[in-house]
Amino acid sequence: MVKLPCLALITALFFLSGCSTHYTPSEVHSFDFGWKFIKESVENAETPGFDDEDWQEVDLPHDWSIEGPFSRDNPAYSRGAWLPAGKCTYRKTFRVPSEKKGQRVVIYFDGAYRNSEVWINGVFLGKRPYGYVAFHYDMTDHIRFGEDNVLTVKLDNSEQPGSRWYTGTGIYRSVKLITTNKLYVRVWGSYLSTNESDADQGILKVETEVKNDYPVDKDFSIRYSLFDPEGNVILTEEEKAHLSGNEHKVFNKNITIAHPQLRDTERPNLYELKTELLTGDQIVYTEANTTGFRSMQYDVDNGFVLNGKAVKLKGVCLHHAGGPLGSAIYKRTTSRQLEILKEMGCNAVRTAHNQFSQAFLDECDRMGMLVMNEAFDEWEDLKSPATFTEEGEKVRIPVKFYSHLFKEHSDRDLTDMVLRDRNHPSIFMWSIGNEIDQMREEDGLPIAKRLRDIVHRYDYRPVTCGVNGYSWGEFPNEEAVSALDVAGYNYVTEQNVLDQKAEFPERKMIVTECSSAVPFRARGEFYLPAQNPNNTTLPYEHQDTKKTLDNRNEYEAGMAAWRAIAHKPYVMGQFIWTGFDYLGEVIPYSWPARSASFGPLDLCGFRKDAFYFYQAQWSPGLDMVHVSPHWNWEGYEGSIVPVTVFTTGDEVELFLNGISLGAKKHDLARVEALYWDVKYTSGELKAVAKRDGRVIAEKSIITAGAPKSIELKTRRTVMQANSQDVIYVEITLLDEKGNFVPTADNLVYFEVTGPATIIGVGNGNNLSHEPFQANYRKAFNGKCMAIIKPALFNRILKRWTFVCYLGEDSFHPGSFFHR
């Protein structure tokens, strides 16, 4: 093995900012660092004097399930990616300065999976069973100011299978410590609404719920300062207010500005409203919330209308986890996902099937992504989803997820979700459920009404629910569907859409979930007719798996789903299943498969060929052409290779080694691909796309040699360490001429020197059981990835270096990348 550090190198600088120790009347501190952790529920661990010296030290976000190992014996089964789950305990020792005595102290969790129980100094604060909701506790009466305090969290994810997809286990989202005076705005107590705005006038309606915890009356004022997208103060208004002792009240304020910068999917203009409470001239409380001026309408004929213009929703469903990191994702995880989706032409995301993190919605706000915010995957009825055995037989296995909690906890969980998320301008619709069996029954009506009314109690945006069964003749209870503001359709055919419009002409319609244009294969996997007529990566002989594979019909399922609604303006849009591959739900496979293959992007975010179908359809103004498969078919000379081309052009001519194989016309409006059957010979396969006779794009695929160099790519190398930033390093293997090697499976080693850590590795191979936390990874079809997180050093500029090299003696330097 030859170590070649000059071959592939990243050097990065990072700095620490925002860790001020200056205390102001209201503060929000990150509580993500310095936790103690153990993989068991420890009796008496909530006692302040408990000895946790031998426990593991961890920072948040933290998901211990992703550490593995993969095993057939793990009870989460294929639905949980064959990864472990169970009970665990966290403890954190901290101090609140003595000068803060007399103030409120609140602990805020953005999510902990699941069945969280929280203690402060041995005093029980509460339990939240649902692992996706945010929650908070007032600890003021139990804090020892100026002394050590101990926060203890116990989680229990031991009942397995416990979900239809991988959930992770741990405090997998951020925790914050909030300190305020006793005159304050309640957590989630500010509500900003801008939906009556237009290009001439921006109208911001503000509700501010203020609480006075003092025993005496308080005269105070509320000051509002509005900042434009460039950070300039454009308005400041102040109003007098009064609260009696221990009283709380909602104060209403309307703010109007002329000619706002409207927000849409291409120009996500964000304003910031700073709210301050003052007693006399002293500021006793302050907070800031972002917002965006826009108007949204939902029309039976024109679909979704944003700022007076009909916008077709080109959406994807996402699960909450982040591939190789499991559920412990970072802000950069989300921003990278959204960047890639926007490059595909995507403008909307459905949070399938639960509340996502605050950071996720913040990034959607910042990047102009629309969000269907979904609450539940189960109501009162337990789900027993289809699962495949190792022999390929389809069976049903019940999962104990949320149905047993629904009656007691759903009202509170949904209320807290709406209160936390309603200020996000990215949210255009709420969803109260996904594929709920009770929507087919009479008892679905009162539940749907109750959940809808909870949403409308706190927000104006419409409510939907993803309802399935139309395409196989199991229709819902129409009264239950009518309780929804917008009817949500899962997996409908074009005929279903036409029939629904004819029968319910005044019904607002959206496709909440549909098939993607992705065969059930991993990235870069292709099978020639001479190789594998069953088109499967696993040796299953059972008819259930074969039937599922045959019905997928390559790209056609997703193409038909888009074709069904693309030119029907009354359908608001669609959400494909899914945007990215995800852990668990390995349909139609079983062991050793550990992640789903539904997305146009793999588990690492590498593009599959179907990515380019959506790019062509969803970004028709782009000049592009894409040709597949790869052109490395040694041993199959003379065999037929089915070639697929996606383009935004109106004509494509295909060449093999400079010889034309003919030109074909293309019509984007017909939602189609172009196909050739080509006899394989090595060399260059080239597609030339034209529009109106002019060449707009070319794409060549070249038969590559053995891997001889590494190319590293990343979108950023400078970061703020205190912001919990990470960097994704995409690794591509090239031959000696710099051509991508699409079949390379070399073992790649990683090293980091300096204050940084490799926190995740991956390659997009849905069958791989290599650990996600390691300093190596085999390339899969020419690619792999490393994810790097810097360490914290107090405000000192630091440098770290990432080195990547192969494990073959025959490997020679050919390229390198650095900041």
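The values are calculated or read from the model by the stated rules, or taken from the named source; none is laboratory data. Keep in mind it's a predicted model, so treat the numbers as computed, not measured. Note: ideal-geometry Cβ built from the backbone for every residue, glycine included; neighbour counts use all protein chains shown. Surface areas here come from the heavy atoms of the whole protein model, side chains and all, with no ligands, DNA or RNA. Shrake-Rupley method; radii C 1.70, N 1.55, O 1.52, S 1.80 Å.
Some notes on this structure:
- Gyration tensor verdict on region 99-242 (Cα atoms; rounded if a/c is under 1.5, prolate if a/b is larger than b/c, oblate otherwise): oblate
- Counting only aspartates and glutamates at least 8 places from Lys665 when in the same chain, those with an alpha carbon closer than 18 Å to its own are Asp623, Asp650, Glu651, Glu653, Asp677, Asp692, Glu698.
- The dipole here belongs to the chain: it is taken about the Cα centre, uses +1 on the Cβ of Lys and Arg and -1 on the Cβ of Asp and Glu, and is about 1380 debye.
- Relative contact order (%) - criterion: Cα under 8 Å, at least six apart; region: the chain: 13 percent
- Sulfur and carbon atoms: percent of accessible area, the chain [1.4 Å]: 47 percent
- Value of relative contact order over region 160-285, rounded to a whole percent, pairs C-alpha under 8 Å and six or more apart: 28 percent
- Summarising the label geometry, the points placed 7 Å from Cα in the beta-carbon direction at Lys394 and His456 lie 3.8 nm from one another.
- Share of pairwise Cα-Cα distances greater than 15 Å in region 729-770 is 56 percent (whole percent).
- DSSP beta bridges confined to the chain are antiparallel in about 85 percent of cases.
- For Met429, net neighbour charge (Lys/Arg +1, Asp/Glu -1) across residues whose Cβ lies under 11 Å away: 0
- Global geometry of region 332-451, whether rounded, prolate or oblate, following the gyration tensor of its Cα atoms and the 1.5 cut on a/c: oblate
- Placing +1 on the Cβ of every Lys and Arg and -1 on the Cβ of every Asp and Glu, with nothing else charged, gives region 113-153 a dipole about its Cα centre of roughly 260 debye.
- Rounded to 10°, Cα long-axis angle of helix 331-343 versus longest principal axis of the chain: 50 degrees
- Among Trp577, Val652, Asn254 - extreme Cα towards positive end, dipole of the chain, charges at beta-carbon: Val652
- Local electrostatic count at Ile255 - Lys and Arg +1, Asp and Glu -1, tallied over other residues with Cβ under 10 Å: +1
- Region 67-148: GluC sites (Glu not before Pro) in DSSP coil with no more than 13 other Cβ atoms inside 10 Å: Glu147
- Mean separation of Cα contacts under 8 Å (6+ apart) over length of region 203-274, as relative contact order %: 43 percent
- In the context of the full set of protein chains, the chain has a per residue accessible area of 38 Å² (1.4 Å probe).
- Using alpha-carbon coordinates, inclination of helix 358-367 to the longest axis of the chain, degrees: 60 degrees
- 0 to 90° range, to nearest 10: angle between helix 403-421 axis and the chain longest Cα axis: 80 degrees
- Among the listed pairs Lys100/Lys182; Lys737/Lys783; Lys331/Lys400; Lys176/Lys400; Lys176/Lys240, a Cα-Cα separation exceeding 23 Å is found for Lys331/Lys400; Lys176/Lys400; Lys176/Lys240.
- Calculated on the alpha-carbon coordinates, the convex hull of region 564-616 measures out at 102 cubic angstrom per residue.
- Cross-link pairs exceeding 18 Å between alpha carbons, from the set Lys39/Lys87; Lys127/Lys383; Lys314/Lys664: Lys127/Lys383; Lys314/Lys664.
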